[in-house]
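What follows is a single structure, written as structure tokens, with notes after it.
The values are calculated or read from the model by the stated rules, or taken from the named source; none is laboratory data. In this text the structure is predicted, and so the values were computed from the model without any measurement. Positions of Cβ are generated from backbone atoms using ideal geometry, with glycine treated the same way; all protein chains shown enter the neighbour counts. In case anyone asks, the SASA skips ligands and DNA or RNA and just uses the protein heavy atoms, side chains included. Shrake-Rupley method; radii C 1.70, N 1.55, O 1.52, S 1.80 Å.
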Amino acid sequence: MSRIYCSIDNCHYWDQGNVCKASEILVAADDWAAKTMDYVDAPQHKNVPQMQASSCMETCCKTFVPNNSPHIKADGVTKMV
């Protein structure tokens, strides 16, 4: 499995060393992600349209969930131990 690094330390999936502990992630274009509900995430990847971005500034991690959020289980992604 690839190691994903993330510096957003208030994310439920963040761990020491800036390591993402999400079992899977979904990266999408900002404009599409902004219009999509939070529960649409990596487990629904087959239903996500293909999209393009011109730079990294136009992309986002759709898997982000704030620590202590009531929506931690909303997207179907789990935190690896």
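A few points about this structure:
- DSSP-defined antiparallel bridges as percent of all bridges, the chain, nearest 5: 100 percent
- Ser2 sits among other residues whose Cβ lies under 14 Å from its own Cβ, and their net charge, with Lys and Arg +1 and Asp and Glu -1, is +1.
- Solvent accessible area, Å² - Lys79, 1.4 Å probe, full protein context: 90 Å²
- Within the accessible area of segment 25-73 (1.4 Å probe), percent carbon and sulfur: 54 percent
- Karplus 3J(HN,Hα) series, Hz, for segment 56-63 with 6.51 cos²θ - 1.76 cosθ + 1.60 (x for Gly, Pro): 4, 5, 9, 10, 8, 8, 6, 7
- When you count the other C-beta atoms within 10 angstrom of each residue and take the mean per peptide, 59-67, 24-32 line up highest first as 59-67, 24-32.
- Extension gain, Trp32 to Val81: 0.36 nm times the residue separation minus the Cα-Cα distance gives 14.6 nm.
- Using θ = phi - 60° and Karplus 6.51 cos²θ - 1.76 cosθ + 1.60, couplings along segment 35-51 (whole Hz; Gly, Pro as x): 9, 10, 4, 4, 6, 7, 8, 3, x, 9, 4, 5, 9, 8, x, 6, 8
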